[in-house]
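The values are calculated or read from the model by the stated rules, or taken from the named source; none is laboratory data. Being a predicted model, the structure only gives us computed values, none of them experimental. Backbone-built Cβ (ideal geometry, glycine too); neighbour counts: all protein chains shown.
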Amino acid sequence: MSHNTFSNIASTTSATDGCPASPKRIETFGVVGAGLMASQLVLLFAERLRIPVTLSDISADRVAGAVKRMRENLNRQETKGRLQPGEAAEIAELIRGTTDPAEFSSCDAAIEAVFEELKVKRTVLRQLEESVAPDALLLTNTSSLSVASMARGLKHPERVVGFHFFNPVAVLPLIELIRTPFASESTVSSASDLATRLGKTAVYVADSPGFVVNRILTRLFCEILTEIDKGGDPVAVDSSLAPWRLPMTPLDLIGYIGPAVQRHICDTLHRAYPDRFGRSASLDAVVAAGIPGFFNARGEVPPAARILPSEPHGVDPNRIRRRVRDALAEEAQLMLDEGVVATSEDIDRCMTLGANFPAGGLTRLLMT
């Protein structure tokens, strides 16, 4: 399938059209998890909305550590002039940490931002449903898992939607708003209104593996990793997409995401689409070695990774670009055919706002 097929397809119905139902006003918020993403979410809600935000985790030490880091972050922002004098303390007063789920009883909405494991997320959502207000909005920040599978079995699955942010949360404006067959119009409308209040752009996405951004990026990674698995020099393979002027090279981006996290996403997509998303021996080797990426600080492949043959062969960057371009065009067309989003413009919007693709998004890249 040529990339022109994708770039010429457009629907007259936008996936970001609003819902007619009246949104619920969110005045208190809860975040489950005390990791990097969860802490960023707490700061975003407290700073942008100036509403009380409760952070929870099963570990009191993790909660205390997260609250401490957030206070330090706020103080740094004030020192640098990004916050007005006194604002750091004002925002910090809105944030509280707890290990008691009952502390979420007054929350109008809550989001889970725990490890990307379906069983764990289902457990968290069940606990949230028992803890929050009866009409509270239940959100998941999952990056690739089925939101419907998380909602299934709850007493009120109609209250659950996917609300996928991108790292860094304060900078990237996209939220993939994932609607399940269970979600009510009121829930979707409330989530959309919340995204707007946060200053984010919500794109409606069907509940499918990897949604939009991670599905496109992972298809790109799979093509690049396959070249490396076949013995291609990682440095040469990684630099082959340089003419596209992406914000990061594929291997640098895997390092930023985290090799273990990206392998988990790869596994999710492999289970769903094994013919297009393969498993990578080189990525497995990096994860097994416990190193943060394919390259060390000097831009060299760490020997401990053991991902290279004794004499890696050279590569043809033009051939690799054609390979990746064709793969991305195919994946984008499949997403349109499956109704993951309504239009090619929605895919472009996701890739520019969520992955920092150059202006024009995927369509422009495929025409390069």
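So if I check each of GLY314, GLY299, GLY339, which one is touching a residue at least 60 places away in the same chain (Cβ under 8 Å) and either in contact with a strand residue (DSSP E or B) (Cβ under 7 Å, 6 or more places away or on another chain) or β-branched (Val, Ile, Thr) (or both)?
Values: GLY314 fails: either in contact with a strand residue (DSSP E or B) (Cβ under 7 Å, 6 or more places away or on another chain) or β-branched (Val, Ile, Thr) (or both); GLY299 fails: either in contact with a strand residue (DSSP E or B) (Cβ under 7 Å, 6 or more places away or on another chain) or β-branched (Val, Ile, Thr) (or both).
Going through GLY314, GLY299, GLY339 in turn, just one is touching a residue at least 60 places away in the same chain (Cβ under 8 Å) and either in contact with a strand residue (DSSP E or B) (Cβ under 7 Å, 6 or more places away or on another chain) or β-branched (Val, Ile, Thr) (or both): GLY339.
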Practice prompt. Taking ALA191 as the residue in question, decide whether it is crowded, with 21+ Cβ neighbours inside 10 Å, over 15 Å from PRO23 (Cα atoms) and at pLDDT 95 or above.
Written response: no
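Please work out if GLU176 is over 20 Å from PHE115 (Cα atoms) and not assigned by TED's automatic domain parsing to the domain that holds ARG325.
Numbers: over 20 Å from PHE115 (Cα atoms): no; not assigned by TED's automatic domain parsing to the domain that holds ARG325: yes.
When the stated conditions are applied, GLU176 does not pass them.
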Practice prompt. Determine if region 48-57 includes at least one residue that is modelled with pLDDT of 95 or more and assigned to a helix (DSSP H, G or I).
Written response: yes
Discussion item. Given the criterion surrounded by 15 or more Cβ atoms within 10 Å (Cβ to Cβ), acidic (Asp, Glu) and under 20 Å from the mean Cα position of the chain (by Cα), identify the matching residue among GLU103, GLU117, GLU129, GLU112.
Written reply: GLU112
Worksheet, complete the sentence: A careful count of residues in region 272-323 that are loosely packed, with under 15 Cβ neighbours inside 10 Å, assigned to a loop (DSSP other than H, G, I, E, B), polar (S, T, N, Q) and at pLDDT 80 or above gives 1
Worksheet item: Inside region 330-362, can you point out the residues that are over 20 Å from the mean Cα position of the chain (by Cα) and either surrounded by 23 or more Cβ atoms within 10 Å (Cβ to Cβ) or in the same structural domain as PHE163 (by TED's automatic domain parsing) (or both)?
Response: none
Fill in: region 93-106 - residue that is in contact with a helix residue (DSSP H, G or I) (Cβ under 8 Å, 6 or more places away or on another chain) and free of Cβ contacts under 8 Å to residues at least 40 places away in the same chain and, of those, farthest from LEU138 (Cα to Cα)
ALA102
Discussion item. Condition first: within 19 Å of the chain's Cα centre (by Cα) and under 22 Å from SER105 (Cβ atoms). Now tell me which residues in region 31-64 satisfy that.
Written reply: VAL31, VAL32, GLY33, ALA34, ALA38, LEU41, VAL42, PHE45
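Taking region 161-182, which residues are farther than 24 Å from ARG271 by Cα and crowded, with 24+ Cβ neighbours inside 10 Å?
Taking region 161-182 as the starting set, the residues that turn out to be farther than 24 Å from ARG271 by Cα are 167-175.
ILE175, the sole residue that qualifies.
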Fill in: Candidates ALA183, ALA191, filtered to the one that is out of contact with any helix residue (DSSP H, G or I) (no Cβ under 7 Å at 6 or more places or on another chain) and closer than 20 Å to ARG25 by Cβ
ALA191
